[in-house]
Every structure is written in C-alpha cells, then in structure tokens.
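Below is one structure, written out as structure tokens, with a few remarks after it.
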Amino acid sequence: MIKETIVEVPALTLWYYPDTGILHHEVTRYPGVETLEAALEKGFELMRDRGACKWLSDDRCGGALPKSHHDWAQNVWGPKAAAAGWKYWAVVLPTDVIGTKNVGRLVEVYGALGVKVQTFRAPRAAMDWLLGCK
C-alpha cells in the first residue's frame, strides 16, 4: 500500500493511504491538545478533499484526554468529519483504563453520527478490518 506521511511530530504521526481511503494515526505519548487537534483537522481535510472515509487510531500509548478535547471532538470535529464522509473508525485501545473507558463513550458518540466503530488490541487487526469495509 502507498503511504503518505501527513503529520510527523515527536508524539504523533498521521499517515494517509490513498489507494484505500484510510487515515491512520499513531500516538506514542500524549501530544497535547493543540497537536492532536491539528492532526485531526488535517485528517478532516483529507476526508473533505480526497475522499478518505476510514480512520485507524492507534492510541495504545496515548492515555486519557482532557474533557475540553472530548467536547471539541464531539461537538465540532466529529459532526463535520461525518458530514465529509467519515464512515469507519478502527480504534486500537489505550493501555490505561481511563483511556479505554473514554473510548467506550466515543464509540457511542460517533456511532450516533453514523460512523461504524470497532475496537481492537492490535493495529494489524484494525487495519485488516478497515480493508474489509466497503
């Protein structure tokens, strides 16, 4: 698969696979709200401009996020991403309990926007699921 690096900073990388319409981010430690939101905005632009519709979030090392980020994602970013064509979200769960609990709430939030969400323990299984989504 062809892979384009969209964002690469010490704590986070965002790739785009143009042949499959998959966005994929990996968090290696909590990057801070501004960095995370900037990466999500770049992903939104790819959904809007290039037809990306699938997202793999590798959040194993990301930890819990502040409430302000969840509010922004739920009320601002999520609705516009869904309107731009976001259909499938594969989440590799954080290793910490609070982060995993937060993902459970996001599954409901984005599911209500029409995004089909599946959680995983490993990135390969998440990618395989997205590749099978049509």
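The values are calculated or read from the model by the stated rules, or taken from the named source; none is laboratory data. None of these values were measured; they are calculated from a predicted model. Neighbour counts are summed over all protein chains in view; Cβ atoms, including those assigned to glycine, are modelled from backbone coordinates with ideal geometry.
Within segment 1-16, how many residues turn out to be assigned to a loop (DSSP other than H, G, I, E, B) and under 15 Å from Ser57 (Cα atoms)?
The initial filter retains those residues of segment 1-16 that are assigned to a loop (DSSP other than H, G, I, E, B), namely 1-3, 10-11.
Restricting the remaining residues to those that are under 15 Å from Ser57 (Cα atoms) gives 11.
The number of residues fulfilling the criteria is 1.
Condition first: surrounded by fewer than 20 Cβ atoms within 10 Å (Cβ to Cβ) and either over 18 Å from Asp59 (Cβ atoms) or of a type outside the set (D, E, K, R) (or both). Now tell me which residues in segment 20-30 satisfy that.
Thr20, Thr28, Tyr30
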So the check is Cβ under 7 Å with 6+ separation or different chains; which pairs have a first residue in segment 44-70 that's under 15 Å from Lys80 (Cα atoms) and modelled with pLDDT of 90 or more and a second one that's part of a helix (DSSP H, G or I) and among the acidic types (Asp, Glu)? none
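Does Pro66 satisfy the condition of being more than 15 Å from Trp89 (Cβ to Cβ) and surrounded by 14 or more Cβ atoms within 10 Å (Cβ to Cβ)?
Details: more than 15 Å from Trp89 (Cβ to Cβ): yes; surrounded by 14 or more Cβ atoms within 10 Å (Cβ to Cβ): no.
No.
Looking only at segment 94-102, decide whether some residue is farther than 18 Å from Glu41 by Cα and of a type in the set (Lys, Arg). Working first, answer last.
So in segment 94-102, the residues farther than 18 Å from Glu41 by Cα come out as 94-102.
Cutting the leftovers down to of a type in the set (Lys, Arg) gives us 101.
Yes; the residues of segment 94-102 include at least one that is farther than 18 Å from Glu41 by Cα and of a type in the set (Lys, Arg).
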All-but-one check, Met1 against (1) closer than 19 Å to Val103 by Cα; (2) surrounded by fewer than 19 Cβ atoms within 10 Å (Cβ to Cβ), failing number (1)
Could you tell me which residue of segment 8-36 is nearest to Val91 (Cα to Cα), considering only residues that are touching a Cys at 6+ places or on another chain (Cβ under 9 Å) and charged (D, E, K, R)? Glu26
Residue set Ala52, Ala39; condition touching a helix residue (DSSP H, G or I) at 6+ places or on another chain (Cβ under 6 Å), closer than 18 Å to Val91 by Cα and among the hydrophobic types (A, V, I, L, M, F, W, C); output residue Ala52
Residue list for segment 7-19, restricted to those being surrounded by fewer than 18 Cβ atoms within 10 Å (Cβ to Cβ) and in contact (Cβ under 8 Å) with a residue 24 or more places away in the chain: Val9, Ala11, Pro18
